[in-house]
Every structure is written in structure tokens, then in C-alpha cells.
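Throughout, read-outs are computed from the coordinates displayed, never taken from laboratory work. Quick caveat, the model's predicted, so the values are computed rather than measured. Backbone-built Cβ (ideal geometry, glycine too); neighbour counts: all protein chains shown.
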Amino acid sequence: MSDPLAFCADELRRLEESSLLRRVRPLSSAQEPEVVVNGRRMLLLASNNYLGLATHPRVVAAATEAARRWGAGSGSARLITGGVTLHDELERRLAAFKGRDDAVLFSSGYLANLGTIAALVSRGDAVFSDELNHASIIDAVRLSRAEVHVYRHCDVDHLRSLLASTPARRRLVVTDSVFSMDGDLAPLPELCDACEAAGAILMVDEAHATGVVGRGGHGAVGDLPVDVVMTTLSKSLGAAGGAVVGSRELVAYLRNRARSFIFDTAMPAPTAAAALAALDVLEAEPGRVERVRALARRLADGLRSCGFDVPEPAAAVVPVVVGGADTALALAAALDEAGILVPAIRPPTVPPGTARLRATVMATHTDEQIDRAVGAFAAARVPA
Ligand SMILES: *Cc1c(COP(=O)(O)O)cnc(C)c1O
């Protein structure tokens with residue numbers, strides 16, 4: 001009998017040969033600037049816990065207390081009996097934080113994009129998507145069955161011409177505000193103008209902007225006329241989950257039409273409580289936002305001064321593009337040797353030929369730690 005799953009082993013061999021095989025590497029400690037991996041203490045330069053809130057005592061205490069009061073799991077979907085007042089409180093807080101009417105929670109950012117996009121557009125509609133948008137947006141568009149038009153990265157003229165030549169029942173333009181693998185910022189005011197002129201819906205994913213970009217870390221959108229604002233609670237807010245904020249009608253519509261809201265068990269209370277406490281800390285300690293931005297600039301400046309081609313960071317993501325997957329793996333291995341944890345990011349996460357080390361900083365890193373990382377990059381540098 002032949003093994004019907006034989007293709008798995010074949011595919012794994014193929015991935016290994018092309019330096020594209022991925023493995024989970026479990027930490028045995030929390031998301032702090034220094035972590036323990038395989039019994040070794042390493043400097044973590046790859047976490048999206050940008051403000052250090054995942055381990056903040058107030059955030060951890062809030063999650064602990066919520067587990068005592070509400071339990072560990074939520075028991076069912078929000079629309080059945082899984083919804084508790086804590087969820088409503090977090091939605092109100094997120095709406096206020098983003099300066100919008102209302103918000104709806106999802107169990108993850110991935111599910112927020114999936115449910116929202118598939119609820120807003122379907123067959124007969126058109127989506128216009130930046131070529132470097134996050135995978136969850138790409139998957140959401142496929143799921144929606146709307147016609148997809150990919151525009152060149154941050155190219156608003158290209159978008160305008162696609163909008164002008166594509167009539168459809170509904171048209172949705174969707175973009176990351178801070179791009180997850182490049183760390184650059186979408187041209188949001190110009191995108192707003194283009195959408196307004198075309199009568200298109202604009203949706204912005206603030207996963208990497210919330211907590212880092214904008215006044216007080218409120219995000220890149222601010223009071224721009226963006227119809228649908230999505231954020232994760234899993235990055236700067238140190239918890240997990242996603243949310244969509246917008247008008248009362250949009251949010252009520254999503255509660256009725258977003259399948260990843262309707263058919264998914266509600267976010268556990270400890271997670272919601274953690275996100276609420278993170279918003280408290282963010283507001284009480286705005287210095288964290290300044291700090292993470294300053295550290296990103298320090299890292300980028302340091303890497304540039306030792307010959308790496310690094311763009312000016314818009315947020316906490318500092319991409320070091322090296323080209324081939326094998327080169328990225330070699331650099332990551334050399335850094336690993338030096339005690340710096342910054343995994344290589346390879347296709348299909350990034351386009352072929354743009355494999356990179358995606359370094360990220362946390363507000364809780366010290367200047368010395370960032371300088372140590374720069375020194376390790378300089379020593380590991382493979383001459384071009
Ligand atoms: C991380 C991320 C998501 C997914 O959020 P999760 O909470 O991790 O599921 C969505 N969009 C972007 C741009 C992201 O970086």
C-alpha cells in the first residue's frame with residue numbers, strides 16, 4: 001500500500017534543500033529582552049511585544065485576576081453565552097483609543113481580517129490590495145471570492161488607475177499601515193483621497209502601528225477618514241486577539257455577518273483583561289512609545305554605520321534585507337552563535353530574493369543591548 005501522505009515527506013525534503021524548511025524553536029522563558037532557548041540565555045531581537053507589556057506586572061496581574069473571576073475559558077461564542085461585560089468594556093476602550101464609535105473583538109488579528117473582509121465584499125465586488133499586505137489579508141481576499149487587484153507597494157497612482165478601470169458593486173481598498181516585514185508606512189492621506197474620489201471603502205490594518213506610531217501610540221490612522229480600522233491586541237498590547245473599530249453600523253454589521261466572529265469561541269477573559277490593562281499602562285506611561293521608536297532608530301543607525309542597507313524605521317520593525325534564503329540563514333546562524341535571537345524571514349513570507357533578518361526592538365531593551373546586537377551584526381556580516 002502506498003502512503004497517501006507521502007507528499008508531506010517529499011515536500012519537507014524539497015524545503016530543506018532550498019533553505020526554506022521551518023522549525024518551531026520553543027523558548028523556556030517569557031517575552032523579555034533576554035530569553036532562554038535550549039538552556040542558553042539570548043538577546044531577543046524579534047518579538048512583536050514592542051512595548052514590553054506582555055510581561056508588565058499590571059498586565060499579568062489583570063490576567064491573573066480575570067482568570068480567578070471569570071475562569072480560563074469563555075465557554076462559547078459571544079453571540080451565544082460566551083460574551084461577558086469585560087468584552088464590552090474592552091470594545092468601548094478600543095473604540096475610544098482609536099477615536100471611533102464602536103469596536104468588535106475577534107480571537108486573533110488573523111480572524112479579524114478574515115471575517116471582516118469576507119463580510120464586506122463577495123463575488124461581484126473588487127478588492128485592491130497592496131502587494132506587501134499581510135498574509136491574513138491575502139487569505140481573507142481569497143475567501144471573500146471578490147475579484148482581487150494587487151497594486152504596487154504604496155503606489156497610489158497605480159491604485160487610482162486600477163480603481164478607475166474597475167467598476168464593481170462594492171470596492172474595498174485594504175492596506176497595512178506599518179508593513180509587517182518592511183516596517184515602512186503606507187501613504188494613508190493619499191489613500192484616503194483616492195478612496196474618497198472613487199467612492200471605495202478603505203480598510204487599514206494597524207497591527208504594527210498600534211502602540212508605536214502616532215500621538216501616544218494611538219496608531220497611524222489618527223483622525224483620517226478610514227472606514228474600517230483593524231488592530232491586533234497581540235503585538236504592542238501584549239495580549240492576543242484582534243479588533244475592528246469603526247462606525248456603529250459597521251460594527252453591528254460585522255457582529256451579524258463576520259463568520260469568524262459568529263462561529264468562534266469568545267476571547268478568554270484573562271486575554272481581554274490583559275489588553276485592557278495594557279491600554280491603561282500605555283496611557284499612564286507614554287514614555288514607552290517614545291522609547292521604542294528611539295531604540296528602533298538607534299538600531300537602524302548602528303546597522304547602517306556598519307554597512308547594512310537599512311531604511312529609516314517608521315515603527316519598531318528594522319528589516320535587514322540580504323537577498324537569498326541561504327544568506328539570511330547564514331547571518332541568522334552567526335547571530336545565534338553570538339547569542340542574538342533574530343530569525344531569518346524567507347519566502348513565502350517575503351518575495352523571493354528579499355530574504356531578510358527582521359529585527360524588532362522592545363521599549364524594555366537597554367541601549368547597551370541594542371549596541372551589542374549591532375556589534376554582533378557587524379561581526380557576522382558576510383562581505384558582498
Ligand atoms: C500579526 C498580524 C496580523 C495577525 O494578527 P494575530 O493577532 O497574530 O493573528 C494581521 N495583520 C498584520 C499586519 C500582522 O502583522
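Restricting to the chain, what percent of DSSP beta bridges are antiparallel, rounded to 5?
Antiparallel bridges make up about 55 percent of those DSSP assigns within the chain.
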Next on the checklist: Under the rule of at least 5 residues apart or a separate chain, name every residue whose amide H is placed under 5 Å from the amide H of residue 149.
Outcome noted: 127, 128, 129
Checklist outcome for this item: Rounded to the nearest 0.05, FRET efficiency between residue 101 and residue 58 (Cβ-Cβ, R0 22 Å) equals 0.20
Next on the checklist: Just to confirm the filter: which trypsin sites (Lys or Arg not before Pro) across region 113-163 are DSSP coil and have at most 14 other Cβ within 10 angstrom of their Cβ?
Outcome noted: 123, 145, 152
Next on the checklist: Strictly greater than 36 Å: what percent of every Cα pair in the chain meets that?
Outcome noted: 25
Next on the checklist: Modelling each spin label as a point 7 Å along the Cα-to-Cβ direction, I'd like the residue 196/residue 161 distance in nm, to one decimal.
Outcome noted: 2.4
Checklist entry - In percent, what relative contact order does the chain have, based on Cα pairs under 8 Å that are 6 or more apart in sequence? => result 22
Next on the checklist: So if each residue of separation counts as 0.36 nm, and I subtract the Cα-Cα distance between residue 92 and residue 306, what length gain in nm does that give?
Outcome noted: 72.4 nm
Item to check | Relative compactness, region 79-167, computed as alpha-carbon Rg over 2.2 N^0.38 Å | outcome: 1.32
Next on the checklist: Expected output is a single nm value to one decimal: the length gained when fully extending between residue 371 and residue 10, i.e. 0.36 nm times separation in residues minus the C-alpha distance. What is it?
Outcome noted: 125.7 nm
Checklist outcome for this item: One would report the Cα pair-distance distribution of region 264-316, bin width 5 Å, in %, as 4, 18, 15, 13, 12, 11, 11, 9, 5, 1
Item to check | Calculated from backbone phi, Karplus (6.51, -1.76, 1.60) coupling profile of region 316-330 in Hz, x at Gly/Pro | outcome: 9, 8, 10, x, 10, 7, 10, x, x, 4, 5, 5, 4, 5, 5
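Work out the P(r) tail for region 191-297: percent of alpha carbon pairs separated by more than 17 Å, whole number.
Working: 3448 of 5671 pairs.
Value for region 191-297 (Cα pairs over 17 Å): 61 percent.
To the nearest 0.05, how large is the calculated FRET efficiency for residue 153 and residue 69 if R₀ is 51 Å and r is the Cβ-Cβ distance?
0.65
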Checklist outcome for this item: Percent antiparallel among DSSP beta bridges confined to region 50-209, nearest 5, equals 5
Item to check | region 1-31: trypsin sites (Lys or Arg not before Pro) falling in loop per DSSP and having at most 11 other Cβ within 10 Å | outcome: 22, 23
Next on the checklist: I need the Debye-formula profile for region 1-141: one equal scatterer per C-alpha, no solvent, reported as log10 I(q)/I(0) at q = 0.13 1/Å, two decimals.
Outcome noted: -1.04
